1. Select from the range 239-289 the residues that are among the β-branched types (Val, Ile, Thr) and within 16 Å of the ligand (Cβ to nearest atom) and write down the one among them that is farthest from ILE302 (Cα to Cα).
2. Among the residues of the range 382-428 satisfying the criterion of being β-branched (Val, Ile, Thr) and touching a residue at least 40 places away in the same chain (Cβ under 8 Å), which is surrounded by the fewest Cβ atoms within 10 Å (Cβ to Cβ)?
3. Taking the range 108-137 as the region of interest, how many residues are among the acidic types (Asp, Glu) and either under 23 Å from the mean Cα position of the chain (by Cα) or closer than 22 Å to ASP446 by Cβ (or both)?
4. Please pick out the residue among LEU317, LEU337 that is hydrophobic (A, V, I, L, M, F, W, C), at pLDDT below 95 and within 16 Å of the ligand (Cβ to nearest atom).
5. Looking for something more than 16 Å from LEU337 (Cβ to Cβ) and either at pLDDT 95 or above or assigned to a helix (DSSP H, G or I) (or both) - is there at least one such residue anywhere in the range 176-187?
6. Residue by residue through the range 141-197, note down the ones that are under 17 Å from ARG240 (Cβ atoms), in contact with a Lys or Arg (Cβ under 8 Å, 6 or more places away or on another chain) and within 16 Å of the ligand (Cβ to nearest atom).
7. Do we have any residue at all in the range 103-110 that's part of a helix (DSSP H, G or I), away from the ligand (no atom under 16 Å from the Cβ) and crowded, with 17+ Cβ neighbours inside 10 Å?
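The values are calculated or read from the model by the stated rules, or taken from the named source; none is laboratory data. Since the model is a prediction, treat every value here as computed from it, not as a measurement. Note that each Cβ is placed from the backbone with ideal geometry, even for glycine, and that neighbours are counted across all protein chains shown.
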Amino acid sequence: MNTYGRISAPRLATLLGSWRQGSRQGAAALAAAVELQVLDGHLPVGTQLPAERELAQALGVSRTLIGAALDRLRESGLVASRRGAGSWITPPGTSRGQETFFPRDGEDIDLVCAAPPAVPGITRAVDAARGALVEQLGHTGYGERGLLVLRERIAQRYTERGLPTSPAQIMITNGAHHAFGLTVRMLANPGDRVLVDQPTYPNALEAIRGAHALPVPVALDAEGWDFAGIEAALRQAAPRLAYLIVDFHNPTGLLMDDEGRERLAALLTKARTPVVIDETLVELDFGDEPAPKPFDAGEWSILVGSASKSHWGGLRLGWIRASEEVLSRLSSSRFGLDLGSPVFEQLVLAELLADPEPLRRRREDVRRQRDALAQAVRTHCPEWTFRLPGGGFWLWCKLPAPMSTGLAVAAASHGVQLAPGSRFAAHGGLERRLRLPFSQPPEVLDEAVRRISLAAAAVRGSARPVT
Ligand SMILES: Cc1ncc(COP(=O)(O)O)c(C=O)c1O
């Protein structure tokens, strides 16, 4: 076994934190704490553990207790040891000599990226845009706000959804992520705090950290948003900005109702905290219930949208809907990053938005895929539970044990790429959760879940939770 690095005893002691819980202070509690760190990815496979004596000293316990904890971890297949070489973390599913490889036909199935291919009918829009391009060729092609024809169509959609909007309140960006990046850059200084949902979209966490700001997570529960928790975080952490997804939330699929939106708007307004509401998924609504109105908290509510899920990620187009004052500040800060979005793609999107048919078919396809994925999970992984979302792109599955990271590692051996629950958390955890996107055809989803069920059996068989 290759070992990839040694963790010092004091560092491991810090990582394990308060591993003594109530009456559970013995070897079982210590082994469980180590296992959690492995599942969370803080102790990668191959990590060499400190010598028993050093760890005993760092944790302030006896060597006998350390030895007993290591015995448990060896038994559950998480740790291997050899005389003279010490102990190290082993990959799930390998230590009992199990064969975990599943014969693959074809490529890995990617369930990390939850994005669909282009909508049917996009080539017609491309042809139409070619005609409209002629008129643009006499202009410079630069413009940090974007083409008027596209801004008009986006503004009209907001107005139809119940939020009167003028084209002057829209800025076209290179995707929703770019839009959020611009906003964080404008509003948050290094060291500032940014309130986020937990779980949340991982790239948003990256953007916050990229601005040297600190995410302040407020946990969502199975029922939805914890408004009391948000209120407390706004008061105690005084965040400079909030980033929230209220439409078919990534990754839980939750939709905030009108009452929740009003409550949230009131809290943010009272705290005078600007908010970015990420509406990337809003158009993937299967229409089972009336759609809530767009979020509105007045001057400092910044809505961010995208064509990536509704039409195609390859257009790399999104937008910001904000007050004219906020948009003019955003325009100035944009010049430090880029000078506008590509004209031809904007023309293509303007054509797509003028025709409701591509989006209608997209919704139909995605709904069918949702049902297929739900059925596949019920069939192959009957112990898993989930809430069936009314839109969006993913099931947020609850696993029968804290095994998400181990499962992601094992699933790769079965030809399926997964993002473990911890990727959606600001500081790790969520090991009982797995996001499964339904962005692929039903037969691919069924095959993926079948393979995942084999990986899950291997993980649970070899690295079952230490009790
Ligand atoms: C919530 C959320 N925001 C933003 C993005 C990225 O969108 P875009 O491709 O428009 O940058 C995604 C992509 O999955 C997403 O789920």
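1. THR252
2. VAL409
3. 2
4. After ruling out the rest, the residue left standing is LEU337.
5. No: the range 176-187 contains no residue that is more than 16 Å from LEU337 (Cβ to Cβ) and either at pLDDT 95 or above or assigned to a helix (DSSP H, G or I) (or both).
6. The answer is LEU182, VAL194.
7. no
Yes or no, residue by residue, for (1) closer than 30 Å to VAL449 by Cβ; (2) within 16 Å of the ligand (Cβ to nearest atom); (3) outside any helix (DSSP H, G or I):
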| site | (1), (2), (3) |
| --- | --- |
| LEU303 | no, yes, yes |
| LYS309 | yes, yes, no |
| LEU327 | no, no, no |
| ALA350 | no, no, no |
| ARG363 | yes, no, no |
| VAL377 | yes, no, no |
